[in-house]
Amino acid sequence: MQKKPLIKERLVEQLREQIRSMQQSDYIKIAPERELAESLGVSRISLRAAIKTLVDEGLLAQQQGRGTYIRPLLPFRALYLLCPPDMKRNDPYYSQFLLDLTNSAAKQAISLTMVDPERLEGDPHGVLIAMGQMEAQLLERISGQYGYLIVAQAGESPHASVRICYDDTRIGRDAAELLLVQGHRSIIHLAGPDKYPSASHRLRGFTERLSEAGISPVILREKMNWPGGYRSAEAVISLLAGCNPPSAVFAANDWMAIGLIQKLKEHGISIPGQVSVIGCDDIHLSSEFEPALSTFQLDMKDLVSQVLSAAETFESGQSVSKTVLLPARFISRDTLKTLT
């Protein structure tokens, strides 16, 4: 038996159709919430939820103190996406980005084409999105064959018109500040390879803030995956048996943190009883693992929204070179302990 669509789903679809019929080349302000709710015969709560969905999709834009606007009709209907050659198919981070970008593009009737560097046709009027860290030579070769290059979650690129990434230096500083406030003074940072900007920037922010407090953390470097975290546990276990045992570990990402915790648990070490652990990325496993991992959440929908907004900038003829830094939100779960 086929289920009827929920009220919110029907309302979203109704509004989506109306918005698409009204889109023009400039922003259009919609009616105030009360007036719109009355005309549609729905509650303001239902309307507010539907509008939030359409804002997330990129059809509407909200401006603080000014109201809600219909975004301009995009004159382009194609985006091109380049992913790192070494991207793992089961990587939850890239998978979530691809899913959210594909869904957002589909809802705005924008085609999304994956780019193969070895079979490149190019499009001088097209927007190329390069996701993740890539060789400079690859970007240099490809960027000239598209009208606009947006790099997401990558280091500085002289070829990019817009660079969009999470503020990893701030994440590192916030992690250090959080541990200091909780009373931790003997601290380990489980760092990733310097070739990854996210890892190097988190390391820099973390060590800078601790240095300001007169603390030098122990730095352990490993690969940014579960085995890397698992291997690093041997060094952590040795330090725990020393005269100044660490009370906390900040891992460069959740996979490392979870691998570390698994090995520590196998050796009978209590988390957070003996050592607190925090990660970064908020992958799905972080909330399902035991104990649930305290971590920094990266809003993927925000990243996708910023990428599509950057594409709009190109189509409006504003060719600029800029960096957009996105915030992260700390999620407190079961692996962080306050010292008395």
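The values are calculated or read from the model by the stated rules, or taken from the named source; none is laboratory data. Just so it is clear, the structure is predicted and the values come from calculations on it, not from any experiment. Reconstructed Cβ throughout: ideal geometry from the backbone, glycine too, with neighbour counts over all protein chains shown. Please note that ligands, DNA and RNA were not included when accessible areas were found on the heavy atoms of the full protein model with its side chains. Shrake-Rupley method; radii C 1.70, N 1.55, O 1.52, S 1.80 Å.
Output the qualifying pairs, or none if there are none: Cβ atoms under 9 angstrom, residues six or more apart or on different chains, first residue in segment 52-72 and without any contact (Cβ under 8 Å) to a residue 40 or more places away in the chain and closer than 14 Å to residue 107 by Cβ, second residue open to solvent by 10 Å² or more (accessible area, probe 1.4 Å) and assigned to a helix (DSSP H, G or I).
From residues that are without any contact (Cβ under 8 Å) to a residue 40 or more places away in the chain and closer than 14 Å to residue 107 by Cβ, the pairs are 55/305.
Can you tell me which residue within segment 261-270, out of those that are part of a helix (DSSP H, G or I) and free of Cβ contacts under 8 Å to residues at least 40 places away in the same chain, is surrounded by the most Cβ atoms within 10 Å (Cβ to Cβ)? First the steps, then the outcome.
Step one: of segment 261-270, the residues part of a helix (DSSP H, G or I) are 261-266.
Pick out the ones that are also free of Cβ contacts under 8 Å to residues at least 40 places away in the same chain and you get 262-266.
On the way: 262: 15, 263: 17, 264: 22, 265: 14, 266: 10.
Per the stated criteria, the residue is 264.
Any residue that is among the aliphatic types (A, V, I, L, M), modelled with pLDDT under 95 and either touching an Asp or Glu at 6+ places or on another chain (Cβ under 6 Å) or not in a helix (DSSP H, G or I) (or both) - is there at least one of those in segment 245-260? Don't jump to the end; show me each part of the working.
First, pick out the residues of segment 245-260 that are among the aliphatic types (A, V, I, L, M): 248-249, 251-252, 256-258, 260.
Filter again for modelled with pLDDT under 95, leaving none.
Within segment 245-260 (the criterion being among the aliphatic types (A, V, I, L, M), modelled with pLDDT under 95 and either touching an Asp or Glu at 6+ places or on another chain (Cβ under 6 Å) or not in a helix (DSSP H, G or I) (or both)), the answer is no, since none of the residues qualifies.
Answer yes if at least one residue in segment 154-163 is part of a loop (DSSP other than H, G, I, E, B), polar (S, T, N, Q) and crowded, with 17+ Cβ neighbours inside 10 Å, and no otherwise.
Filtering segment 154-163 for residues part of a loop (DSSP other than H, G, I, E, B) gives 154-161.
Subsequent filtering for residues that are polar (S, T, N, Q) retains 157, 161.
In the following step, the residues that additionally are crowded, with 17+ Cβ neighbours inside 10 Å were identified as 157, 161.
Yes; the residues of segment 154-163 include at least one that is part of a loop (DSSP other than H, G, I, E, B), polar (S, T, N, Q) and crowded, with 17+ Cβ neighbours inside 10 Å.
Failed condition for residue 146, given (1) modelled with pLDDT of 85 or more; (2) crowded, with 19+ Cβ neighbours inside 10 Å, with all others met?
(1)
Scan segment 100-108 and tell me whether some residue there is of a type in the set (A, V, I, L, M), in contact with a Leu (Cβ under 8 Å, 6 or more places away or on another chain) and open to solvent by less than 60 Å² (accessible area, probe 1.4 Å).
Within segment 100-108, one or more residues are of a type in the set (A, V, I, L, M), in contact with a Leu (Cβ under 8 Å, 6 or more places away or on another chain) and open to solvent by less than 60 Å² (accessible area, probe 1.4 Å).
Just to be sure I understand the filter: pairs with C-beta atoms under 9 Å, separated by 6 or more residues or on different chains, first member in segment 237-255 and surrounded by fewer than 24 Cβ atoms within 10 Å (Cβ to Cβ), second member among the β-branched types (Val, Ile, Thr) and assigned to a loop (DSSP other than H, G, I, E, B). Which pairs pass?
Every condition considered, the pairs that remain are 237/269; 240/269; 240/275; 245/275; 246/275; 247/275.
Looking at segment 284-295, is at least one residue out of contact with any Gly (no Cβ under 6 Å at 6 or more places or on another chain), open to solvent by less than 60 Å² (accessible area, probe 1.4 Å), assigned to a loop (DSSP other than H, G, I, E, B) and under 24 Å from residue 177 (Cβ atoms)?
Looking through segment 284-295, at least one residue is out of contact with any Gly (no Cβ under 6 Å at 6 or more places or on another chain), open to solvent by less than 60 Å² (accessible area, probe 1.4 Å), assigned to a loop (DSSP other than H, G, I, E, B) and under 24 Å from residue 177 (Cβ atoms).
Which residue, of 202, 119, 173, is farther than 22 Å from residue 313 by Cβ, open to solvent by 30 Å² or more (accessible area, probe 1.4 Å) and modelled with pLDDT of 85 or more?
On the way: 202 fails: open to solvent by 30 Å² or more (accessible area, probe 1.4 Å); 119 fails: modelled with pLDDT of 85 or more.
Selected residue: 173, the only one of 202, 119, 173 that is farther than 22 Å from residue 313 by Cβ, open to solvent by 30 Å² or more (accessible area, probe 1.4 Å) and modelled with pLDDT of 85 or more.
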